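Trainee: Pasting a structure below so you can have a look.
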Amino acid sequence: MFKVKYFEAIRTAAVIVIALIIAFLIISLVSDQPVKTIGIFLLEPLSTKGHIGNVIEMAIPLMFTGLAVSLLFRANMFNLGAEGIFYFSGVVASVLAIHLSLGSWLHPLVAIAAGSIVGALLSAIPGILKAKWNANELVTSLMFNNILFGVGLYLLNYHLRDAKAFANVSFKFEKTAQLSKIFPGTRIHTGLIIVLVLIVLAHLFLYRTKWGYELRMTGANREFARYSGMKTAKVIILVHLIAGFIAGMGGSVEVLGMYSRFQWTSLPGYGLDGALVAMLAKNNPLSVIASALFLAYIRIGADLMARLSDVPSEMISIIQAVIILLISAEQFLKFWKNRMLLKEAKEA
């Protein structure tokens, strides 16, 4: 018999199944060869080493931003500033990758550290505004996204742009600044190792330290935590610093691992995707890995489906919308949870 403690995992699995069923129904309606198209969507990402590599490559930035957002959500901070921080930290890392000349291991380390620290400092601003003056963190973080994008684009256009290139891109990075690839035949880079280590550290921080306990208690009930003697303002600022550090590291790693120039002329979208990853993971750091891989898998599957069949890749937006709708609906399957609680109460 299923226990109540497994309810959220069952509920998330049900959401994913419902979203995929809706996607399959739409494919059946619009495709001339629905069985073949569904097969491409589900199986093609596993068909070659290159496609598997594409899934993991896409999952790496999703893990970074998903982890950052999950910590904020765990503290009951609905902050979506990871998007702008991810972008701007990529700009910071690019500046150092272009203008510094260091050793092959020290160069990326310095660039990533700089991007991470800048991300932490920028993220602290909405945190301080929330902790001291109770400013709405959603509004301030979204405004910061636009500010950071504008400043980053200015730096790209007027200070980093390579006039000899036939596109709006920066000068080339020094070879020593780029992250090395860890699997031949793919573009999977050492950022995968970095993010997996971060996820384990975040899990230990959240569940094995006093600060992690205070973070969870503040998220569960800020007033109760404050009356219990916890300094909730410091907790809010701390979680913003940590989340900004992780998001900044993600942007730096993505730029140095996947590109030879900085070429983002729009926000990459990974910060907002991180919110979806965090929701699927139920704000659990270890579950971020599976959530990011799932989202990356269906996106690569949708891209391959668009190239090899008659269904456009935009269909993936429908799946994401259904997942967000059902995950955020508190009443979804709540009747079943109540029945499970009653059964366990009778058995006890």
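The values are calculated or read from the model by the stated rules, or taken from the named source; none is laboratory data. On a predicted model such as this, the values are computed, not experimentally measured, just so you know. Reconstructed Cβ throughout: ideal geometry from the backbone, glycine too, with neighbour counts over all protein chains shown. In case anyone asks, the SASA skips ligands and DNA or RNA and just uses the protein heavy atoms, side chains included. Shrake-Rupley method; radii C 1.70, N 1.55, O 1.52, S 1.80 Å.
Trainee: Using helices alone, what [θ] at 222 nm do you get for the chain, with -39,500 (n - 2.57) per DSSP H run of 4 or more residues, divided over all residues and rounded to the nearest 500?
Mentor: It comes out at -24000 deg cm²/dmol, rounded to the nearest 500.
Trainee: In the full protein assembly as shown, how much of Glu223 is accessible to a 1.4 Å probe, in Å² to the nearest 10?
Mentor: 90 Å²
Trainee: With a 1.4 Å probe and all protein chains left in place, how much accessible area per residue does the stretch 49-292 have, in Å²?
Mentor: The answer is 43 Å² per residue.
Trainee: Using the Cα gyration tensor of the stretch 49-292, with a ≥ b ≥ c the square roots of its eigenvalues, what is the shape: rounded (a/c below 1.5), prolate (a/b larger than b/c) or oblate (neither)?
Mentor: Verdict is prolate for the stretch 49-292.
Trainee: Order Arg74, Arg187 by their accessible area, 1.4 angstrom probe, all chains in place, largest first.
Mentor: Arg187, Arg74
Trainee: Ok, one more. For the stretch 49-292, which whole percent of the accessible surface, found with a 1.4 angstrom probe, sits on carbon and sulfur atoms?
Mentor: Taking all protein chains in place, the stretch 49-292 shows 66 percent carbon and sulfur surface.
Trainee: Here is a follow-up. Sorted by accessible area with a 1.4 angstrom probe, largest first, how do Tyr154, Tyr87 fall?
Mentor: Tyr154, Tyr87
Trainee: Separate question: Once you put a point 7 Å from the Cα of Leu342 and another 7 Å from the Cα of Trp211, both along the Cβ direction, what distance in nm separates them?
Mentor: 4.6 nm
Trainee: Give the shape of the stretch 2-106 as rounded, prolate or oblate, defined through the alpha-carbon gyration tensor: a ≥ b ≥ c are the square roots of its eigenvalues, a/c under 1.5 means rounded, and otherwise the shape is prolate if a/b is larger than b/c and oblate if not.
Mentor: It comes out oblate by the Cα gyration axes.
Trainee: Would you list Ile125, Ile246 from the most to the least accessible area, probe 1.4 Å?
Mentor: Ile125, Ile246
Trainee: In the full protein assembly as shown, how much of Arg216 is accessible to a 1.4 Å probe, in Å² to the nearest 10?
Mentor: For Arg216, the solvent-accessible surface is approximately 50 Å².
Trainee: Please identify, among Glu44, Glu254, Glu57, the residue showing maximal mean-square fluctuation in a Gaussian network model of the chain using a 10 angstrom Cα cutoff.
Mentor: The residue with the greatest mean-square fluctuation here is Glu44.
Trainee: Let me ask you something else. Among Val235, Phe224, Val255, whose Cα sits farthest toward the positive end of the charge dipole of the stretch 212-261 (+1 at Cβ of Lys/Arg, -1 at Cβ of Asp/Glu, about the Cα centre)?
Mentor: Going by the charge dipole, the pick is Phe224.
Trainee: Got a number for the accessible area of Met58? Probe 1.4 Å, square angstrom, nearest 10.
Mentor: For Met58, the solvent-accessible surface is approximately 50 Å².
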